[in-house]
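**Q** Once you've had a glance at the structure underneath, I'll fire off some questions.
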Amino acid sequence: MLLVWAWLDAHTRTFTLPAELSAGIAIAAAYAAAYARRRHRLRAAERGPGGSRSTGPSRPEPGGTEPGGLDGDGGDSTSSRSGSLLTRRTLVVWGTIIAIAVAWELFTLFHLPRHLYPTFSSLYVAASRLLAVRVVAFAAWLALGIWIVRQ
Amino acid sequence: MSWRWITLAGWSVLAAVIVAAEMVAHTVGRRLQGFEVIMVVLARSRATRVALLLGWGWLGWHLFVR
């Protein structure tokens, strides 16, 4: 279904109603699903431990402040798999990559003309002339949204 | 060399570094975790989960509609 939706979306044009509906429905559905999951989780928590087993893997409760920790030793494989800890090297490497990516995007964004300073999205626009690129990009975006909602 | 090629080279290097970091994380990297681990950790906090969802929505609208 995900690929069918992506294939249909790839046949829409930006700035048109079909494109707005295709992406808009996905966004609205994701927000509604996330809201419904949160309500379900809260109700399960209110019912107590006996009634909360159907909510999936345990996670910090609402308002919790556990975003993960820092494993100063360099990480062990168990914590890596569970995603409970980030190693110092992970933070440094990915933090640097993300910072450079943001800096490069901002550098290109605030320089004109666009054909001399292509941003990430203008590169996508150029690549999206290929139908396959549009299908893969939209499918990946939908998959990412589903993953976020399921967290 | 025009600014267009410099900019494109920058994006290419960035993409190559991201791919290399992922490859290291999934092959020999015991201390370097993949980007998905960062996403999992971010998604554990309610505030960042909401931010991820809002950012996802904006990205889709920006790329596929506008």
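**Q** Considering only region B:1-21, state which residues are within 27 Å of residue A:151 (Cβ to Cβ) and either in contact (Cβ under 8 Å) with a residue 24 or more places away in the chain or open to solvent by 60 Å² or more (accessible area, probe 1.4 Å) (or both).
**A** Selection gives B:17, B:18, B:19.
**Q** Please determine whether any residue of region B:22-45 is more than 13 Å from the chain's Cα centre (by Cα), under 15 Å from residue A:147 (Cα atoms) and among the charged types (D, E, K, R).
**A** Taking every residue of region B:22-45 in turn, at least one turns out to be more than 13 Å from the chain's Cα centre (by Cα), under 15 Å from residue A:147 (Cα atoms) and among the charged types (D, E, K, R).
**Q** What pairs come up if the first residue lies in region A:121-145 and is within 11 Å of another protein chain (Cβ to nearest Cβ), the second is in a loop (DSSP other than H, G, I, E, B) and open to solvent by 50 Å² or more (accessible area, probe 1.4 Å), and their beta carbons are under 7 Å apart, counting only those six or more places apart or on different chains?
**A** Matching pairs, first to second residue: A:122/A:114.
**Q** Looking only at residues that are of a type in the set (Phe, Trp, Tyr) and over 23 Å from residue B:50 (Cβ atoms) in region A:1-44, which one is nearest to the chain's Cα centre (by Cα)? Can you show your working first?
**A** Kept after step one, since they are of a type in the set (Phe, Trp, Tyr), are these residues of region A:1-44: A:5, A:7, A:15, A:31, A:35.
Among the residues that remain, those that are also over 23 Å from residue B:50 (Cβ atoms) are: A:5, A:7, A:15.
Numbers: A:5: 18, A:7: 20, A:15: 23 Å.
Going through the qualifying residues, I end up with A:5.
This table checks each residue for (1) in contact with a strand residue (DSSP E or B) (Cβ under 6 Å, 6 or more places away or on another chain); (2) surrounded by fewer than 14 Cβ atoms within 10 Å (Cβ to Cβ); (3) assigned to a loop (DSSP other than H, G, I, E, B).
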{"residue": "A:4", "(1), (2), (3)": "no, yes, no"}
{"residue": "A:7", "(1), (2), (3)": "no, no, no"}
{"residue": "A:13", "(1), (2), (3)": "no, yes, yes"}
{"residue": "A:20", "(1), (2), (3)": "no, no, no"}
{"residue": "A:23", "(1), (2), (3)": "no, no, no"}
{"residue": "A:30", "(1), (2), (3)": "no, no, no"}
{"residue": "A:37", "(1), (2), (3)": "no, no, no"}
{"residue": "A:41", "(1), (2), (3)": "no, no, no"}
{"residue": "A:45", "(1), (2), (3)": "no, no, no"}
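**Q** Pairs please, first residue from region A:24-37 and over 26 Å from residue A:13 (Cα atoms), second anywhere and in a helix (DSSP H, G or I) and among the hydroxyl-bearing types (Ser, Thr, Tyr), Cβ atoms under 9 Å, 6+ apart in sequence or on different chains.
**A** A:37/A:55
**Q** Here's a follow-up. Condition check: surrounded by 12 or more Cβ atoms within 10 Å (Cβ to Cβ) and of a type in the set (Lys, Arg). Does residue A:129 satisfy that?
**A** No, not satisfied.
**Q** Going through region B:32-58 one residue at a time, which ones are of a type outside the set (Lys, Arg) and open to solvent by 50 Å² or more (accessible area, probe 1.4 Å)? Lay out the reasoning, then the answer.
**A** Going through region B:32-58, the residues of a type outside the set (Lys, Arg) turn out to be B:32-43, B:45, B:47-48, B:50-58.
Correct list: B:35, B:36, B:42, B:47, B:50, B:51, B:54, B:58.
**Q** Another question about this same structure. Every residue in region A:110-124 that is exposed (fewer than 14 other Cβ atoms within 10 Å of the Cβ) and of a type in the set (A, V, I, L, M, F, W, C), please.
**A** A:110, A:112, listed by residue number.
The values are calculated or read from the model by the stated rules, or taken from the named source; none is laboratory data. Since we're looking at a predicted model, the values are computed, not measured. Every residue, glycine as well, gets a Cβ built from its backbone with ideal geometry; the counts of neighbours run over all protein chains shown. Heads up: the accessible areas ignore ligands, DNA and RNA and are worked out on the full protein's heavy atoms, side chains in. Shrake-Rupley method; radii C 1.70, N 1.55, O 1.52, S 1.80 Å.
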